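The values are calculated or read from the model by the stated rules, or taken from the named source; none is laboratory data. Since this is a predicted model, take the numbers as computed values, not measurements. As a convention, Cβ positions derive from the backbone with ideal geometry for all residues, glycine included, and neighbour counts pool all protein chains shown. What goes into the accessible areas is simple: the full protein's heavy atoms, side chains included, and nothing from ligands, DNA or RNA. Shrake-Rupley method; radii C 1.70, N 1.55, O 1.52, S 1.80 Å.
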Amino acid sequence: RVMLLRNEKPTGFTKAANRGFRASTADFVVILNSDTLVPRGCFERLRATLESVPGAGLVGPLSNAASYQSIPRQEPTLEEQLQGQTPVNHLPTHLTIESLNTLLQAHLPNRFLRVPSLHGFCMGIRRQVFNSVGFLDEEAFPEGYGEEDDFCVRAVNAGWSCVVALDTYVWHFKSGSYTSERRQRLVKRGREAFIQRHGALRRQNI
């Protein structure tokens, strides 16, 4: 039940993701970074949340390191600010990823938040959203960093909602693919491309 698509040469994150989207025929697909730990039942709960919210087209989980989907802290420390990094939370020693998910399922079953955009480290998408707005932009965001914001804005403009499933938590090791310096350059380039397309005000509100 698995199809492995391997590129002979690096094509950049966005093209690689789009290749997977195009190869799939499923009505619900998930983009998932390699630097993640996923609990049992994660994708089923993401899909259940998406299908329970009228008009929702994209869904993401809570995490330790996913911008405003992060818990418990969304504000970066001074050190994180100097590194150009968003908050990276640590898991309390008395919890595991599975036990935290069990707690969330017990206290926040089928609960969600509508948000203007989702972090692309783990994002579920209805096939109909691709039919509405196309795929990730390979030209403006070839190596990622901004492609999910652009995609979410295009989806919201087309009438879809983005939601966070509050009963699901995915661990994100964060920024394992690039050095801090290169990541900051990519973030800057992605931000500039986004602002050129959607405006600075839209950037402030995601």
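Things to note:
- Full extension of the segment from L37 to R22, taken as 0.36 nm per residue of separation minus the current Cα-Cα distance, would add 2.9 nm.
- Taking all C-alpha pairs of the stretch 27-132, those more than 20 Å from each other amount to 43 percent.
- For the chain, carbon and sulfur atoms together expose 54% of the accessible surface, with a 1.4 angstrom probe and every protein chain in place.
- Ranked from largest to smallest solvent-accessible area, with a 1.4 Å probe on the protein heavy atoms, M3, M123 come out as M3, M123.
- In loop segments of the stretch 99-189 as defined by DSSP, the GluC sites (Glu not before Pro) with at most 11 further C-beta atoms inside 10 Å of their C-beta are E139.
- Normalised by 2.2 N^0.38 Å, where N is the number of residues, the C-alpha radius of gyration of the chain stands at 0.99.
- Per residue, the chain exposes 55 Å² of accessible surface when a 1.4 Å probe is rolled over the protein heavy atoms with every protein chain present.
- Against the empirical 2.2 N^0.38 Å (N residues), the stretch 1-44 has a Cα radius of gyration ratio of 1.29.
- Of H90, H198, H172, the order by accessible heavy-atom surface (1.4 Å probe, DNA, RNA and ligands excluded), from most exposed downward, is H90, H198, H172.
- Considering helices alone, the calculated mean residue ellipticity of the chain at 222 nm is -11500 deg cm²/dmol, with DSSP H runs of length four and up weighted by -39500 (n - 2.57) and normalised per residue.
- Computed over the stretch 1-86, Kirkwood Rh from alpha-carbon pairs, angstrom: 15.8
- Added length on full extension, which subtracts the Cα-Cα distance from 0.36 nm per residue, L4 to T102: 32.2 nm
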